[in-house]
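Have a look at the structure below before the remarks.
Coordinate-derived values only; no laboratory data. What you see is a predicted model, and the numbers here were worked out from it, not measured in a lab. Neighbour counts are summed over all protein chains in view; Cβ atoms, including those assigned to glycine, are modelled from backbone coordinates with ideal geometry.
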Amino acid sequence: MILYLFVIILIIIIYWIRSCYTYWKKRNVPYLKPSSLIFGNEFDFLFKKKSLPQIMLENYNALAPHRFGGVFSFQNPVLYIRDPELVKTILTTDFQYFYDRGFYLANKKEPLTQHLFNLTGNEWKSLRARLSPIFTSGKVKIMFRLMKECVDEMISVIDEQILQDQCFDFKELLARYSMDIIGSCAFGLKANSLRNPNSEFRQMGIRTFEMNMKSIFRTILFAFNPRFTNFLGIKSIKNDINDFFINLIKETVAYRKKYNIVRNDFLDILISLQNEEKEQVNKNVTGNGYSKNAKIELSIEMMAAQSFLFFIAGFETSSTILSFTILELSRNLELQDRLQQEVDKMYITYDGEITYDSLSHLVYMDKVIAETMRKYPATPFLMRTCTEDYLIPDSNYVIERGTVVFVPIYGFHHDPEYFPNPEKFDPDRFSEEGRATRHNFSYLPFGEGPKICIGIRFGLIQIKLALAVLLKRYNFRMSSNMKFPVEMRKHYPLLSCEGGVWVNCVKRT
Ligand code: HEM
């Protein structure tokens, strides 16, 4: 009897799954058949068959020549957008229909998840407006001083190690550099990961991105139904990571307030935002103590969540771009030479000093970095969720509310239609004439529209600073430890290299 019941339930489940997979066919939308019964088109990612960039490119190519097409994440339909004009409409013009990313991970019981990337609707809008002033050029310029301390530390670490070995894993070294910067600017902490790779701060960073069986299981549950998974009390951030970052911010804020310490970093700005809000709330309190116009308070937990986001959004992306730039320069010596000449000239013009303003004159460096972000976009796709039924312009198809939409950045960046010979590293693609040959929205390393990366200025200046200082002092040459083409890391939510980025580093004479 039990066996019969089991078989009947199994048949019902299989029938239900199969009916889910008819979603795109019924709507006459071109689509890719699911590669597995349970996981839809996610099998290759979840079971480490292919890297995320590879999947993005294969799906993008397989859906050609259509403007859009469907896949399945488990049983959920996901719409890939292949037309840059439609990408523009979704990310900017008709943004009001695609307001959320759709992660739905922000959960009051897990304070660290309440950050800008996860927040939705008006909560996101209000916080974005409040955080934007943190990233103005004036504020980033003030923090440049802290970045310089970290770059000096990196050079002294390289100089010491170079005596023993000239071959470096630049991914590892530059991740430690980026981590020290974000530790200093967002947590007011000397993270010391350049000198001590086992520092607690660095270990917490590594563990945040760690993927093991438990996190796979969590990912699967969140993919099935994030709200239900939250309801079950399953956490998306490990308890010790949560406690570490919240306590760090609590203690630092209390210490700064007690001793009136001002460092002009992210944390100071968050503290002043909190103070301004308190004043605002006090002004708005009416006679009966009821607040007319109060915003959500920027509590210590909210501050910790934003600092945590700057940490996860900033360190991996910046170090990926930096290390791949060094790698490409080691393979293209002519380009390296040209860039070194530009850097040398800048040092001469500015009396051997490097400043925030002097870096803005490195025009060729801008092109080199732009080309690295084209070939190796740290974030291989953008995600939005349709928040209101939306008729795709020049089509009969209505995207239903709740449908997830992907913009496969890696696919666009490797499409010969926009970037001929895409495997070639060619910074001149970003000359004025080069840019004019393609649609603006075929190149999206930082995303676009109101949800565009908030940290562009901060990220780019830390990249330019490190590159200028490194190129002034060292030559980079290919190492036999490095495989090319690069093998991308599998089962990882960002673009990253398997086994590090190994390059020989020799002091310039
Ligand atoms: C330099 C390398 C970086 C790259 C390539 C990068 C890329 C991105 C991308 C693609 C997005 C999604 C945009 C979208 O959905 O349209 C994003 C969002 C974001 N990034 Fe960055 N990022 C970088 C550095 C940083 C840094 C240094 C910070 C902070 C210190 C930062 C903070 C954020 C935040 C807070 C968001 C969410 C914005 C929102 O939802 O309103 N990023 N970034």
Calculate, for LYS250 and GLN54, the FRET efficiency according to 1/(1 + (r/R0)^6) with r their C-beta to C-beta distance and R0 41 Å; round to the nearest 0.05. 0.45
Out of CYS150, PRO485, SER299 - ranked by how far each Cα lies towards the positive end of the dipole of the chain, with unit charges on the beta-carbon of charged residues - the top one is SER299
How far apart, in nanometres, would the label points at PHE43 and ASN239 be if each is projected 7 angstrom from Cα along the Cα-to-Cβ direction? 3.7 nm
Which of the trypsin sites (Lys or Arg not before Pro) found in the range 83-148 are in a DSSP loop and have at most 12 neighbouring Cβ atoms, other than their own, within 10 Å? LYS108, LYS109
Going through the DSSP H helices of the chain, which span 18 Å or more along their own axis at the Cα atoms while scoring at least 0.0 as a mean Kyte-Doolittle hydropathy? 2-20, 137-162, 170-187, 300-331, 456-473
Enumerate by residue number the trypsin sites (Lys or Arg not before Pro) in the range 390-481 meeting two conditions: DSSP loop (anything except H, G, I, E, B), and at most 13 other Cβ atoms within 10 Å of the site's Cβ. ARG401, LYS424
How much length is gained if the chain between ASP428 and SER480 is pulled fully straight, taking 0.36 nm per residue apart and subtracting their Cα-Cα distance, in nm to one decimal? 15.9 nm
Mind listing which chymotrypsin sites (Phe, Trp or Tyr not before Pro) in the range 21-54 are in a DSSP loop and have 14 or fewer other Cβ atoms within 10 Å? PHE47
Interchain or sequence-distant (5+) residues whose placed amide H lies within less than 5 Å of the amide H of PHE68 are ARG82
Electrostatic dipole magnitude of the chain [Cβ: Lys, Arg +1; Asp, Glu -1; Cα centre; debye, to 20]: 1140 debye
For n ≥ 4 DSSP H runs only, could you compute -39500 (n - 2.57) per run for the chain, divide by its residues and tell me the 222 nm figure to the nearest 500? -16000 deg cm²/dmol
Could you tell me the calculated FRET efficiency between TYR347 and ILE17, based on Cβ-Cβ distance and R0 = 60 angstrom, to the nearest 0.05? 0.45
When ranked by the protection proxy of mean other Cβ atoms within 10 Å per residue, highest first, what sequence do the peptides 110-119, 441-450 form? 110-119, 441-450
